[in-house]
Amino acid sequence: MSTTDLTGTTFPEGFLWGGALAANQYEGAYDVDGKGLSIQDVMPKGIVAPPTEEPTPDNLKLEGIDFYHRYAEDIALFAEMGFKVFRFSIGWSRIFPKGDETEPNEAGLAFYDRVIDECEKHGIEPLVTLSHYETPLHLAKTYDGWVDRRLIGFYENFARTCFERYGKRVKYWLTFNEINSVLHAPLMSGGIWTPLQQLSKQDLYQAIHHELVASASVTRIAHEINPDLKVGCMVIAMPIYPLTPNPADVLKVMQADHDNLAFSDVHVRGTYPGYFLRKLRELGVELDITDEDRNTLKNTVDFVSFSYYVSICETSDPTKQTKGEGNIIGGVPNPHLEASEWGWQIDPVGLRIILNQFWDRWQKPLFIVENGLGAKDELVEVDGVKTVIDDYRIQYLNDHLVQVREAIADGVELWGYTWWGPIDVVSASTAQLSKRYGFIYVDRNDDGTGTLERHKKKSFDFYQQVIATNGASLR
Ligand code: BG6
């Protein structure tokens, strides 16, 4: 293929099209078959809620959409759309209810056997996230989450159990969802019970170090168990633009980029970058890093995966340093971009930019494992069939995939694309169901009422067509 002629450029053969979900946002059944509580079960308002109360039937978070019992129906719908891959997470507290046990909960393991059976039945490749914002509550409350080094061992035990049980049937694995979010959401991302305002930088960065060592360690374990397994890191990807060409703004961009990229730099290079060590020095943080840790970190990932929702701007001008809405890491709003109903700025070109940036930086295969639009949907009846005419979601999807195609033409090696929330689920940041991402509507309201019936939206057909034509139907 010529690198200059983009006409007819399309997605590579075998491109993995699909969708992504997380256990705590869609499974429901939070206390069924021996599952223990996770931090998510007691975060009623999403990431903003402080962990103040013990869970009771009254303050539990809005449950998911009962995938736990409807998985066969839902996976069949994904198959009907043509999914080649389905990203889901394994609820850690389903397998180890408290997190520090040595023996797993067989009923929890058996559930994911059934999910994988369904995927296999439809020829869908599973892509499994080991830890997606659902640290067992006991580990958070008793150990302060990843601040405690012992979490490494508990996580290794969990990961080994999963690799041994599913490693012959699941090839693609992610260690931690959006691991770089721990800087901003230490409870949700790192299971750290100490409130952010009271958390010392020393403890925060030590927790980060423990997670990075744990991630590298289970990458090694996966490869030992089955050398064919592909293990990736997963980060929030976010292009950061200078608000003006002032070099001081560009420098701010570089520093903000470093905060985000340090995590994948370590995963890919196996060592801490100099800019990160400088930051620790300036913060007065002295990490406890053993020689064994340094060796463990050398177990680098096979690919880099990421979520992409928004871009932001940075400025050195204190009068302009407002913080807009965004995926956990908000930033200065971009005057050139429109925003979603939740204030997340929409920037399809930013996806091409980030794909190029990541590819240029690491030369590692990439995987877009989240991208999507949360919007309010209206259920209507067309010819007696309930549906949603979600042209806005179709537009978003089309525009982002066109930019993905451009990046592939730029030479980026990309394994796949999984849309976030192919079926409506509970929002991570707001705990609402009305913030809908799905191609499939779920009849469930923010107050928990609703029949849980599933209805295909207009975007269902659109994505089905995109997959069937391997992207050629994009506009
Ligand atoms: C990512 C998370 O941050 O964004 C998902 O990995 C989350 O868990 C998604 O659901 C969308 O965010 P939200 O807050 O709109 O659900």
Self-check item: Number of the condition not met by residue 416 [criteria: (1) under 19 Å from residue 22 (Cα atoms); (2) more than 17 Å from the chain's Cα centre (by Cα); (3) away from the ligand (no atom under 16 Å from the Cβ); (4) not acidic (Asp, Glu)]
Solution: (2)
Quiz prompt | Pick from the range 265-312, criterion under 15 Å from residue 175 (Cα atoms) and assigned to a strand (DSSP E or B), ranking: farthest from the ligand (Cβ to nearest atom) | solution = 303
Self-check item: Filtered residues of the range 213-240 (kept if over 18 Å from residue 128 (Cα atoms) and in contact with a Leu (Cβ under 8 Å, 6 or more places away or on another chain))
Solution: 213
Self-check item: residue 203 being assigned to a helix (DSSP H, G or I), of a type in the set (Asp, Glu) and in contact with a strand residue (DSSP E or B) (Cβ under 6 Å, 6 or more places away or on another chain)
Solution: no
Quiz item: So, in the range 91-143, of the ones that are in contact (Cβ under 8 Å) with a residue 60 or more places away in the chain and hydroxyl-bearing (Ser, Thr, Tyr), which residue ends up nearest to residue 416 (Cα to Cα)?
Solution: 129
Practice problem: Name, by its number, the condition in (1) open to solvent by 40 Å² or more (accessible area, probe 1.4 Å); (2) in contact with a helix residue (DSSP H, G or I) (Cβ under 9 Å, 6 or more places away or on another chain); (3) more than 16 Å from the ligand (Cβ to nearest atom); (4) modelled with pLDDT under 95 that does not hold for residue 7. | Solution: (2)
Quiz prompt | Residues of the range 334-355 classified as of a type in the set (A, V, I, L, M) and open to solvent by 30 Å² or more (accessible area, probe 1.4 Å), total | solution = 5
Self-check item: Complete set of residues in the range 420-437 that are within 11 Å of the ligand (Cβ to nearest atom) and of a type outside the set (S, T, N, Q)
Solution: 420, 421, 424, 425, 426, 428, 431, 433, 435, 436, 437
Exercise. Check the range 247-261 and report whether any residue there is at pLDDT below 95 and open to solvent by 50 Å² or more (accessible area, probe 1.4 Å).
Key: no
Practice problem: For the range 209-235, enumerate the residues that are open to solvent by less than 10 Å² (accessible area, probe 1.4 Å) and either of a type in the set (Gly, Ala, Ser) or not in a helix (DSSP H, G or I) (or both). | Solution: 214, 215, 216, 217, 222, 229, 231, 232, 233, 234, 235
Exercise. Looking for whichever is small (Gly, Ala, Ser), out of contact with any strand residue (DSSP E or B) (no Cβ under 7 Å at 6 or more places or on another chain) and at pLDDT 60 or above here; the options are 36, 28. Which one fits?
Key: 28
Quiz item: Taking the range 180-200, which residues are open to solvent by 20 Å² or more (accessible area, probe 1.4 Å), part of a loop (DSSP other than H, G, I, E, B) and out of contact with any Gly (no Cβ under 8 Å at 6 or more places or on another chain)?
Solution: 184, 194, 195, 199, 200
Quiz item: What strands (runs of 3 or more DSSP E) lie completely within the range 356-475 and have 3 or more residues being open to solvent by less than 30 Å² (accessible area, probe 1.4 Å) and touching a strand residue (DSSP E or B) at 6+ places or on another chain (Cβ under 7 Å)?
Solution: 366-370, 414-420, 440-442
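The values are calculated or read from the model by the stated rules, or taken from the named source; none is laboratory data. Not measured: the values here are computed from a predicted model. Positions of Cβ are generated from backbone atoms using ideal geometry, with glycine treated the same way; all protein chains shown enter the neighbour counts. Calculation scope for accessible area: heavy atoms of the full protein, side chains included, ligands and nucleic acids excluded. Shrake-Rupley method; radii C 1.70, N 1.55, O 1.52, S 1.80 Å.
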